[in-house]
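Right, one structure below, let's go through it.
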Amino acid sequence: MVLEKLVEVSLETLRACYTCFKCIGVCPAGLRPNLFVKAYLSTVFRELRDVYEEIVTNSSLWSCAKCLKCVEVCPQKVPLNDVIEYLQREAAKRGLAPRAYQDMVENIMGTFLAFGSQTIVSRDGDFYTTGEARELLGLTPLPEPNKIEKFRERLKGLRSIG
Amino acid sequence: MARMVKLAVFTGCFALSKQIAVELSTLRVLQHLNVEPIVPRSVNCCGFAFRGLYPSMSLYLTGRLLASLTASDPDGILTLCNGCYLMLREAVHRLREDRRLLESVRSYLRDEGLELRGIPRIVHPVELLHDIVGTEVLKGIKRTGDNNVLVATHYGCHALRPSTVPSFDNSVNPSKMERIVEALGFRARDYPERLDCCGAVLLATNPSLAMKLAYSKISGTARWGFHLLVTTCPYCFEMLDARQEAVMQTFGDEPRLPVMLLTQLIGLQLGLSEGDVALNLNLSPVDKVLPQIVRR
Amino acid sequence: MEGSSRIGVFLCHCGTNIAGVVDIKRVAEEIGKIPNVVVWDHRFLCSADGIDSMVSSIRSSGVDRVVVAACSFRTHEPVFQAALHRAGLNPYLLEIVSTRELCSWVHEGEKEKATEKAIRMVRAAIAKIRDNRPLERRRLPVVPAALVVGGGVAGIRAALDIADSGFTVYLIERGASIGGNMARLDKTFPTLDCSICILGPLMNAVAQHPNIRLLTYSEVVSVEGRVGEFVVKILRKPRYIKESLCKGCLICIAKCPARAIDEFNLKLSHRKAIYVPYPQAVPRIPVIDPDACLYLRKGICRTCEKLCPTGAVDFAQRGEVVEVRVGSIIVATGFEEYDISSVYEYGYGRYPNVVTGLQLERLVSSYGPTEGRLTVPGLGIEPRRVAIINCAGSRDERHLPYCCRVGCMASLKHAWYIKHLVPEAEVLIFADEIRASGKNFEEFYRRIRLLPGVYIVKSRASEVRANPSGTLSIKAYDPVLNREVTVEVDLVVLEVGIVASRSTEAVRNILKLGASPTGGFLLELHPKLNPVETAVDGVYICGAAAGPKDIPESVAQASAAASKVIALLSRGYIEIQPHTARVVEELCSGCRICVTACAYGAIRIVERGGRNVASVDEVLCKGCGSCVGSCPSGAIEIQNLKLSQVEAVMSEMQGWEPYVQRA
Ligand code: SF4
Ligand code: SF4
């Protein structure tokens, strides 16, 4: 496998789901992880196409906290996380990914980091910017976005593959 | 004394920009523990947020990060954030298993003049304290705290899960953090919410659900009479400490669980000042427990 | 003999099984071209008609060796050997070519090539059989006694069956009493009859049977020999009680000051250092636990010794190894519960009020830790609401992939216990499926469903969590309500998956038996046709050590194994295959390499005319050929599979060019 082909994750074992519902009871976000399995299976059974449509367009797809609890308790070792991420990519192809992801990508392209300067509050109610607080505490300043052109191109290219 | 361990420290975007006490308290504490930290300046985001959405891009980011962090030829990489820890341990795991993938990542990096030489060991802060520094050293710290302080440990999801990628402890029943707390002279205890999610990943996409998760974690933990909760991850810390007041108020409750970084707790035991570990940035009611932790 | 022999070749069509792929006519033509070979074919050679015509063809043509190209020798060798015998030929002048399993079935799409292959295979057999020699089977006597390892219900049943037919049985049990896990059960499903009430009489029958030698508190240390005559060494661990003097009054127990965890009650209570596991134990002879006894640990006390009216207590007793000879062995070492604390989400081992199904049996038993009053461990109250969680550790790729076969019915029975003892309690069973395929099982399932206050949630429980009050919360999804539920309960019962008992592995290693990759269950010779036989002749298996099963199945299998043993013992002899290794003594240098190569310990070095040479015990030899490959002097051969024969086969299979291509 090479970097560009990473999306071809093997989802073979998810057919082993025997709908015991254990994953549902454990999900802190109140999702139905095994419903995602059903949706994925629609790539095989056309009858489930409406389930697929519903899941891919439903915002609950983006409510997964990625806690991986469902993956850990599943008695059939169904790679639920891979399934969810697969469906998220499908939704993203239709432009349904939440804006926040794009913002973070943009940020990385500009600064190498996912977040820019933030407001930091102390228990006494003082406000600082990241830069101020770091300096005050003797920490190094944030990395500087030198020579970022190539990096930016690279990200753009790889993002388009997935 | 054993040779000084040289670790490249990766703080992670969120700890760099928001939870800066993570980096500060870690660096301060390491000075006392025979560990030499190297903090490279040219780093990039580990790609955690896009692990699912743009897998190739995110692995490229992780690979690039690995290259920057190994440039100084350290004994290992210390990641301060659980998200970065997952990304790095997963990348290392995959690159070790799959030579073609490794070559592919390398060729991308070479293009940018970066070199990914060896595949390094990825070290979690808990692993550093438990396995590298060792609980014996921690036990040797002169205690100032009250033995009866009951401490809740919070590992955070991505320190341990998924169990398909090796981590530093048993993914369903970890114990190293408890051993550390006990070595410091406090009491630790298993509790049902121990491995629960803080909700931080949802901050960007579903903030109200994130609050709900944090609430069930905090209020669930508080029921057991813990005096303090410790964690190492800046995201978990954000949810459990910085946002505790907001979280609790959303659900008509009061903030009541003091939360500290594990490195802050150790720092205070080592005799560092509150300022040395930036304790003034903790927003949870730590004042409640402080007198029992440090008697000055 | 070579050259002068005439070989008869019989080609079977097996209906279309072979002939549908292999062109029999062409095979017959090609083979017919070989000098001194006569060919016949038949649509069903193994039918009565086929065999008859085979016999008469052999007789009338005067062939003296036979090649049969048909089905596998594994199933058909005896049939064709008998035909040779009827025709007056030695049955070892037969070669069977598996043109079905090894040719037509695997080359269905390639008829031409399959036909060519069949020709080669038959030619190879002809090349080989020219050197076959007539062999004789040898008969060896059988020791008219059997060993049964494991004193649970399966071992008990097997021992009684064999003993009833007049043979001596040594029944070995590792624990202090026979009875096994069944003695722990309060009642049995689906009839709800009292377990010990039906088991007890069998246990006593064992104790009193004139043909049964009961060795409790004993373990198998080694087994040597072979079917018909196994030499078994048994360690009798010290009980510190002279069995011959003990009258079973149990006065000794009353005043013992030392306590230890009660294994029979599955760690739910304590017992004394001197104890019988439970009141109905057989034999009714106590045991002193050396890890708990104050005298054995610290040299003080000896209270029991003073109390015993017959002077049976003997602190000087030492373990003793006894040796018995038996013709056959049955392994019935039973099961135990999987270590369910590794299923972290169910909290076993962390919360005292999470118990296993077997522990619940003890909690409700009249001779359990609470004498039949159901009390929640840790809480000390009668349960108000109980959750039963099925498939704990079972049907789970992370733990045991298989179904335990008893958990579903046990969960229903357990619901009944709880309703019976605490009528106002509520019981929830969490089960994604209820498997009720046994006799009267479905009826039992309905009966339990009709009990008020019993609810079945059709899902796997997701998690068990403790509450500060000491109660537990079950999190699960209820498909009927179509939402997640959190149920607060006082007690959680886990229907835990089962694995072969710990001692099974030790016995298995001693006897060299196979085991399933998960669960450690003993491997049968054939899952359908030889369910109680093993790969080791004369060793049989039964009960839950051979796979998850309930009581009736265990008992039935025990009787099946016993009948195999009885058949063997009453025949009185075994016949051994003559395809054994033979040492050409002139070539042997006595180097001993073959001795180490033989996995069955069949080769010894003996003195012959002042020289050391290898000698093969024909009874132990399996004809595997390891020694042949190891011998640097080429001094060992397998009878009728000499190197020259193997070479002949190889050269026919590889080197032969079909006539068509040559022409
Ligand atoms: S836990 Fe696994 S097997 Fe059970 S329903 Fe969820 S995905 Fe399917
Ligand atoms: S990984 Fe997502 S779907 Fe699975 S349990 Fe956690 S939040 Fe629910």
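The values are calculated or read from the model by the stated rules, or taken from the named source; none is laboratory data. Note that this is a predicted model, so its numbers are computed, not measured. Cβ placement follows ideal geometry from the backbone for every residue including glycine, while neighbour counts extend to all protein chains displayed.
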Residues being outside any helix (DSSP H, G or I) and over 22 Å from the mean Cα position of the chain (by Cα) - total across the stretch B:239-253: 3
Segments classed as strands (runs of 3 or more DSSP E), wholly inside the stretch C:460-535, with at least 2 members that are within 30 Å of C:Gly175 (Cα to Cα): C:491-496, C:498-500
Any helices (runs of 4 or more DSSP H) falling wholly within the stretch A:1-113 and containing at least 2 residues that are among the polar types (S, T, N, Q) and away from ligand 1 (no atom under 15 Å from the Cβ): A:99-111
Test: residue in the stretch A:151-160 that is surrounded by fewer than 13 Cβ atoms within 10 Å (Cβ to Cβ) and within 19 Å of the chain's Cα centre (by Cα): yes
Odd one out for C:Glu108 among (1) at pLDDT below 95; (2) under 23 Å from C:Gln645 (Cα atoms): (2)
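Can you tell me which residues in the stretch C:432-488 are farther than 30 Å from C:Ser554 by Cβ and small (Gly, Ala, Ser)? Walk me through it before giving the result.
Step one: filter the stretch C:432-488 for residues farther than 30 Å from C:Ser554 by Cβ, giving C:452-453, C:455, C:457, C:459, C:462-488.
Within the stretch C:432-488, C:Gly453, C:Ser459, C:Ser462, C:Ala466, C:Ser469, C:Gly470, C:Ser473, C:Ala476 meet the criteria.
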Verdict on C:Ile58 being buried (at least 20 other Cβ atoms within 10 Å of the Cβ) and more than 24 Å from C:Gln577 (Cβ to Cβ): no
Pair list, Cβ under 7 Å, 6 or more apart: the stretch A:134-162 residue within 8 Å of another protein chain (Cβ to nearest Cβ) and over 29 Å from B:Glu23 (Cα atoms), other residue exposed (fewer than 13 other Cβ atoms within 10 Å of the Cβ) and of a type outside the set (Phe, Trp, Tyr): none
B:Cys197 being facing another protein chain (nearest Cβ under 10 Å) and not polar (S, T, N, Q): yes
The stretch C:133-157, residues that are assigned to a loop (DSSP other than H, G, I, E, B), touching an Asp or Glu at 6+ places or on another chain (Cβ under 8 Å) and surrounded by fewer than 24 Cβ atoms within 10 Å (Cβ to Cβ): C:Arg137, C:Val142, C:Val143
Elements of type helices (runs of 4 or more DSSP H) contained in the stretch B:76-139, each with 2 or more residues being within 20 Å of A:Leu3 (Cα to Cα): B:82-97, B:99-111
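For the stretch C:474-490, give me each residue that is of a type outside the set (A, V, I, L, M, F, W, C), more than 18 Å from C:Thr375 (Cβ to Cβ) and more than 11 Å from chain A (Cβ to nearest Cβ). Step through it out loud before you land on a result.
Here is the first cut: in the stretch C:474-490, the residues of a type outside the set (A, V, I, L, M, F, W, C) are C:475, C:477-479, C:482-484, C:486, C:488, C:490.
In the following step, the residues that additionally are more than 18 Å from C:Thr375 (Cβ to Cβ) were identified as C:475, C:477-479, C:482-484, C:486, C:488.
If the condition is that a residue be of a type outside the set (A, V, I, L, M, F, W, C), more than 18 Å from C:Thr375 (Cβ to Cβ) and more than 11 Å from chain A (Cβ to nearest Cβ), then C:Glu488 is the only one that fits.
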Leading residue by the ranking (farthest from the other protein chains (Cβ to nearest Cβ)) among those in the stretch B:46-73 that are within 23 Å of B:Asp98 (Cα to Cα) and in a loop (DSSP other than H, G, I, E, B): B:Asp73
Exclusive hit being surrounded by fewer than 21 Cβ atoms within 10 Å (Cβ to Cβ), over 29 Å from B:Arg96 (Cβ atoms) and more than 14 Å from chain C (Cβ to nearest Cβ), set A:Tyr52, A:Tyr18: A:Tyr52
Which numbered condition B:Thr221 misses (of (1) assigned to a helix (DSSP H, G or I); (2) within 11 Å of chain A (Cβ to nearest Cβ); (3) touching a residue at least 24 places away in the same chain (Cβ under 8 Å)): (2)
Filtered residues of the stretch A:74-98 (kept if more than 9 Å from chain B (Cβ to nearest Cβ) and either more than 11 Å from ligand 2 (Cβ to nearest atom) or surrounded by fewer than 23 Cβ atoms within 10 Å (Cβ to Cβ) (or both)): A:Pro75, A:Gln76, A:Leu87, A:Glu90, A:Ala91, A:Lys93, A:Arg94, A:Gly95, A:Leu96
Filter result for the condition that a residue is at positive phi, out of contact with any Asp or Glu (no Cβ under 7 Å at 6 or more places or on another chain), more than 16 Å from ligand 1 (Cβ to nearest atom) and at pLDDT below 95, over B:Gly145, B:Gly113, B:Gly140, B:Gly156: B:Gly113
